[in-house]
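Participant: Sharing a structure with you now.
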């Protein structure tokens, strides 16, 4: 048995020294010291030996076990160093290489238009107001001089949630809410936001779009003030050489009402953009109707004002020469990347 143990020791040392990875070394440990390992099996044979042989062989087995465990430990440390160095080499970073340039985000083209319009009116003393997109029928229609039986309701194909609540069809309800909050103080606000109509999606219509509403209420406000403010805005936004034209129109919440046109870049020669008219319609406006002032508890004998509203998508399409409103909502990176700052 002594010869057998010596042969086992020699073979085990060779195999341990030849191990090339920690998993291989673990397999060798189990081969010799596991429950069915070679050295373990010899330990179990001690009970079959005579009383004289048992201490001698037992000492040999213990010596073998101690020696092989020391060899396993030493080889394990060597392999751990090698594997750690290999890991460091795989994960080495060349700090001298140029870094990867992250892709910068940028505002959506509609947001760019909203920001530019907002900054223009902020420079004229207006402030920004907001209101709920799920609106009460009262604020969306009745307080704006559009009662239930009013024929102007036919202008809106609305998205009702309950009998008295709906997705707002315009940003005008914020006018009433703001006047109620500020009464009797003057009001000078713009209201950017989403609005909703039951429109089929095509090149020029969308069930969700954006408006910017404007309202100024104070004493001695005239229609001339409206024209002056809009002329400043239009020439700031479209160019100092643009002309402004006001045409009579009708809106239930303003009296008198007007459609506002800006001269086309073709300078009256006629082109596809202006449909050969020389003018482009950009917004609707008018003096605040006395009934609207009264609904917000402003005395129409003392206060007057004007309001205007424009579609952001329409302004953006004119600014960027876009012919299909659907481009704004399709999240096509090829389209959106053209508006990087």
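All of the numbers you see were taken from the coordinates with simple rules; none came from a lab. These numbers were taken from a predicted model, which means no experiment stands behind them. Note that each Cβ is placed from the backbone with ideal geometry, even for glycine, and that neighbours are counted across all protein chains shown.
Participant: Here are a few candidate values for Cα extents along the principal axes in Å: [x] 80, 76, 39; [y] 127, 48, 37; [z] 80, 52, 38. Which one was actually calculated from the structure I just gave you?
Facilitator: Here the calculated entry is [y].
Participant: Taking a label point 7 Å from the Cα of residue 31 along the Cα→Cβ vector, which residues of region 44-75 have an amide N closer than 14 Å to it?
Facilitator: 72
Participant: Calculate, for residue 52 and residue 90, the FRET efficiency according to 1/(1 + (r/R0)^6) with r their C-beta to C-beta distance and R0 51 Å; round to the nearest 0.05.
Facilitator: 0.30
Participant: Compute the helix-to-body angle for 173-182: its Cα long axis versus the longest principal axis of the chain, expressed 0 to 90° and rounded to tens.
Facilitator: 80 degrees
Participant: Same structure, new question: In nm, to one decimal, how far is the residue 41 label point from the residue 66 one, both placed 7 Å along Cα→Cβ?
Facilitator: Between residue 41 and residue 66, the label points sit 2.6 nm apart.
Participant: How far apart, in nanometres, would the label points at residue 164 and residue 4 be if each is projected 7 angstrom from Cα along the Cα-to-Cβ direction?
Facilitator: Between residue 164 and residue 4, the simple spin-label model gives 9.8 nm.
Participant: Is region 256-341 rounded, prolate or oblate when judged by the Cα gyration tensor, a ≥ b ≥ c being the square roots of its eigenvalues, rounded requiring a/c under 1.5 and prolate requiring a/b larger than b/c?
Facilitator: oblate
Participant: Hey, another quick one. I need the peptides 166-174, 92-100 ranked by packing, meaning the mean over residues of other C-beta atoms within 10 angstrom, with the highest value on top.
Facilitator: 166-174, 92-100
Participant: So if I take the centroid of the Cα atoms in region 306-339 and the same for region 156-191, what is the distance between those two points in Å?
Facilitator: So the two Cα centres are separated by 24 Å.
Participant: Express in nm, to one decimal, how much length is gained between residue 17 and residue 142 on full extension, taking 0.36 nm for each residue of separation and deducting their alpha carbon distance.
Facilitator: The residue 17-residue 142 span can extend by a further 35.8 nm.
Participant: Further question on the same structure: So what's the angle, to the nearest 10 degrees on a 0 to 90 scale, between helix 22-33 and the longest Cα principal axis of the chain?
Facilitator: For 22-33 against the chain, the angle is about 40 degrees.
Participant: Compute the long axis of helix 223-238 from its Cα atoms, compare it with the longest principal axis of the Cα atoms of the chain, and write down the angle in degrees, 0 to 90, nearest 10.
Facilitator: Long axis of 223-238 versus the principal axis of the chain: about 40 degrees.
Participant: Gain in length, residue 106 to residue 267, computed as 0.36 nm per residue apart minus the alpha-carbon separation, to one decimal in nm?
Facilitator: 54.6 nm
Participant: Points 7 angstrom from Cα along the Cβ direction at residue 81 and residue 329: gap in nanometres?
Facilitator: Here the modelled spin labels are 6.9 nm apart.
Participant: How much length is gained if the chain between residue 255 and residue 340 is pulled fully straight, taking 0.36 nm per residue apart and subtracting their Cα-Cα distance, in nm to one decimal?
Facilitator: Answer, rounded to one decimal: 26.4 nm.
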